[in-house]
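To start, the structure itself, in structure tokens.
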Amino acid sequence: MIEIKNLTKTYSGNQKAVDNLSLSIKDGEIFGFIGHNGAGKTTTIKSIVGILDFEQGEILINSKSIKNNPIECKKEMAYIQDNPDLYDNLTGIEFINFIADIYEIEKEIRNEKINRFSKIFSMEKNLGNQISSYSHGMKQKIAIIAALVHSPKILIMDEPFVGLDPKAVFDLKEIMKEMCVENNTTIFFSTHILDVAEKLCDRVAIIKHGKIEKVGTMAEVKGDKSLENVFLEM
């Protein structure tokens with residue numbers, strides 16, 4: 001479970017990227033985070049995963065503070081950023097194993113997951129190639145496989161579908177649903193692909209100028225309109 005309480009993050013010039021934001025994301029829930037560029041989505045996500053410090057508020061990961069217990073919180077999470085910043089001098093399989101080593105995943109378990117997910121994302125023939133040779137989409141797939149290899153209790157993603165081909169988008173959506181149903185995984189992700197959010201999410205929040213404008217189930221947020229229409233009206 002993720003609890004965000006009165007989160008405020010201010011950048012230079014006293015500009016509030018996130019302004020007194022509060023959200024609660026439940027166990028086993030797929031939660032969509034929607035907003036225009038600059039609305040505060042990435043700042044919120046980077047605060048949740050412990051990359052950015054913040055001056056006000058609290059973020060709890062399964063009842064543990066990301067500020068006071070960052071390592072314990074990060075053990076339970078996986079984070080996939082919108083533009084994967086991987087180690088170009090490593091091969092794909094070396095990077096995945098590097099992440100698996102950090103999370104102390106046994107070889108038998110990691111190999112089973114690497115085999116499964118590399119086949120799903122059609123990367124098994126490219127795992128031995130250097131990351132520097134990968135396209136953006138291939139880097140995104142490697143980042144996804146590395147995130148999934150340690151079966152996180154909480155999966156945080158910033159625009160995860162950008163750069164993926166249609167089959168990979170479909171496969172990732174199916175994996176997300178499977179994780180929630182079978183492992184009670186909490187998934188929190190931002191996206192600009194509103195029809196995906198509308199079909200996939202249990203709940204959704206719309207952020208504007210650092211503040212939550214709407215939050216609730218899809219029916220509560222969009223009513224008898226499409227999510228796209230609600231978003232554009234705001």
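The values are calculated or read from the model by the stated rules, or taken from the named source; none is laboratory data. Quantities reported herein were computed from a predicted structural model and do not represent experimental measurements. Every residue, glycine as well, gets a Cβ built from its backbone with ideal geometry; the counts of neighbours run over all protein chains shown. In case anyone asks, the SASA skips ligands and DNA or RNA and just uses the protein heavy atoms, side chains included. Shrake-Rupley method; radii C 1.70, N 1.55, O 1.52, S 1.80 Å.
What is the number of the single condition among (1) part of a loop (DSSP other than H, G, I, E, B); (2) more than 19 Å from residue 144 (Cα to Cα); (3) not aliphatic (A, V, I, L, M) that residue 125 does not meet?
That leaves (2) as the condition not met.
If you check residue 120 against the conditions, is it open to solvent by less than 20 Å² (accessible area, probe 1.4 Å), more than 30 Å from residue 222 (Cβ to Cβ) and touching a residue at least 40 places away in the same chain (Cβ under 8 Å)? Give the derivation first.
On the way: open to solvent by less than 20 Å² (accessible area, probe 1.4 Å): no; more than 30 Å from residue 222 (Cβ to Cβ): yes; touching a residue at least 40 places away in the same chain (Cβ under 8 Å): yes.
No, not satisfied.
Count, please, the residues in the stretch 162-179 that happen to be open to solvent by less than 10 Å² (accessible area, probe 1.4 Å) and modelled with pLDDT under 95.
Going through the stretch 162-179 one residue at a time, the tally reaches 0.
Looking at the stretch 1-54 only, could you name the residues that are small (Gly, Ala, Ser) and either touching an Asp or Glu at 6+ places or on another chain (Cβ under 7 Å) or surrounded by fewer than 18 Cβ atoms within 10 Å (Cβ to Cβ) (or both)?
12, 13, 22, 24, 28, 38
Among (1) within 21 Å of residue 29 (Cα to Cα); (2) open to solvent by 10 Å² or more (accessible area, probe 1.4 Å); (3) under 16 Å from the mean Cα position of the chain (by Cα), where does residue 198 come up short?
Residue 198 satisfies every listed condition except (3).
Filter the stretch 128-142 for residues that are open to solvent by less than 20 Å² (accessible area, probe 1.4 Å) and hydrophobic (A, V, I, L, M, F, W, C); which is nearest to residue 164 (Cα to Cα)?
142
Out of 34, 59, 2, which single residue is farther than 23 Å from residue 99 by Cβ and touching a residue at least 24 places away in the same chain (Cβ under 8 Å)?
Details: 59 fails: farther than 23 Å from residue 99 by Cβ; 2 fails: farther than 23 Å from residue 99 by Cβ.
Answer to the selection: 34.
Do you know which residues across the stretch 128-150 are modelled with pLDDT of 95 or more, small (Gly, Ala, Ser) and part of a loop (DSSP other than H, G, I, E, B)?
Residue satisfying the conditions is 128 alone.
With the structure loaded, tell me whether residue 50 is among the small types (Gly, Ala, Ser) and closer than 24 Å to residue 229 by Cα or whether it fails that test. Write out each step before concluding.
Details: among the small types (Gly, Ala, Ser): yes; closer than 24 Å to residue 229 by Cα: no.
Considered against the rule, which asks whether it is among the small types (Gly, Ala, Ser) and closer than 24 Å to residue 229 by Cα, residue 50 comes out as no.
Those residues that are closer than 26 Å to residue 3 by Cβ, buried (at least 19 other Cβ atoms within 10 Å of the Cβ) and of a type in the set (Phe, Trp, Tyr), I need them from the stretch 64-117; list them, please.
79
Only one of (1) touching a residue at least 24 places away in the same chain (Cβ under 8 Å); (2) open to solvent by 20 Å² or more (accessible area, probe 1.4 Å) fails for residue 182. Which number is that?
Failed condition: (1).
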